[in-house]
Amino acid sequence: MTSQPRETAERLARLAANARAGQWSATGDIDWRREPSLPFWVTRAQVRHAISQLHHGETATARMCRRLLSELGAGAARDCVALQAADEARHAEVYRRYLDRLGGIAPMDGNLASALEGAAEGPAGSLGAMVAFNVVVEGEVLRLQDTIAEFLPCPLLKQINRLIARDEARHVAFGRIYLTEALASLSPDSRARLYDWVRALWQEASESTLAKRSRNPAVRRVLRNWLGKGWSHHEAALKRIGLTPGPAAERRK
Ligand SMILES: [Fe+2]
Ligand SMILES: [Fe+2]
């Protein structure tokens, strides 16, 4: 991977300094004397399943960061990714502790497993994986956290999510700064291919999620709407880093 111009390197160095100063502890900074508090309208199994998916997402992102570390030379970008790897491992650990109180980690959803597997194998080497993880996967985690918080007013989970969201905001900022610079050096064709690949990955994951879920039309409508909003959100984020549909994709619209 390439080294950055001075301005980008300085912004990344500031981000790494913030990340270092913002490290928190999975044991000391959460009030573990509290227990999960679940409202009557959700079952323990449903909450366990939903939070387990967040846990699996964090574990996969930590793995992607460790893979990137082996490819990045010394510098601010590497520092940011090393700190992100520590953040993601801590997030996974905190969710695991929460899940321990609900009966342990539930298996990964099949759709999530194939989406994460696909995300790790993108075009343009690690850049593809970074686009998929930093923009789409992390964006989804934040959306999912918000949705869960809306339906699950648990003070312990609220405290966990507040700390995690602070770290995630830095990861999103890192992705935006680093990828804008790195993607600008690709040809327009390669950028369009990358966009098409992420779009297809998203579409496949959404369709299989819809296919597997409830047959109730009202539930399906809510889910379809939620997924549609997700893509609009990711599309805007992709545009901000310089990824837009190629002419072929535009013609298909
Ligand atoms: Fe995370
Ligand atoms: Fe993250």
Practice prompt. Order the peptides 39-47, 198-206 from the highest to the lowest mean number of other Cβ atoms within 10 Å of their residues.
Written response: 198-206, 39-47
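Please report, to one decimal in angstroms, the Kirkwood hydrodynamic radius of the range 7-100 built from all distinct Cα-Cα pairs. Numbers along the way, then the final one.
Values: mean 1/r = 0.0663 Å⁻¹.
With all distinct Cα pairs of the range 7-100 included, I get 15.1 Å.
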Worksheet item: Where does each of 65-72, 13-20 land if you order them by average Cβ count within 10 Å, highest first?
Response: 13-20, 65-72
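Determine the per residue accessible area of the range 1-142 with all protein chains present and a 1.4 angstrom probe, expressed in square angstrom. Show your work: numbers first, answer last.
On the way: 6520 Å² over 142 residues.
That works out to 46 Å² per residue.
Over all directions, the average projected area of the alpha-carbon convex hull for the chain comes to how many nm²?
Numbers: hull surface 55.8 nm².
Average projection, Cα convex hull of the chain: 13.9 nm².
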Worksheet item: What is the distance in Å between the Cα centres of the range 201-238 and the range 143-173?
Response: 21 Å
Fill in: Ordering of 49-55, 89-95, 100-106 by burial proxy (mean other Cβ atoms within 10 Å per residue, highest first)
89-95, 49-55, 100-106
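Do the sum for the chain: with -39,500 (n - 2.57) for every DSSP H run of n ≥ 4, divided by all residues, what is the mean residue ellipticity at 222 nm, to the nearest 500 deg cm²/dmol?
-24000 deg cm²/dmol
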Response to the item:
With x for Gly and Pro, the residue-by-residue ³J(HN,Hα) of the range 44-58, computed from phi through the Karplus equation 6.51 cos²θ - 1.76 cosθ + 1.60 at θ = phi - 60° and given in whole Hz, is 4, 5, 5, 5, 4, 5, 5, 5, 5, 5, 5, 4, 5, x, 5
Practice prompt. Determine the share of the range 7-179's accessible area contributed by carbon and sulfur atoms, expressed in whole percent, with a 1.4 angstrom probe.
Written response: 56 percent
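The values are calculated or read from the model by the stated rules, or taken from the named source; none is laboratory data. Treat the numbers as computed from the prediction; the structure is a model and nothing was measured. Neighbour counts run over all protein chains shown; Cβ positions are idealised from the backbone, glycine included. Accessible surface areas use protein heavy atoms only, side chains included; no ligands, DNA or RNA. Shrake-Rupley method; radii C 1.70, N 1.55, O 1.52, S 1.80 Å.
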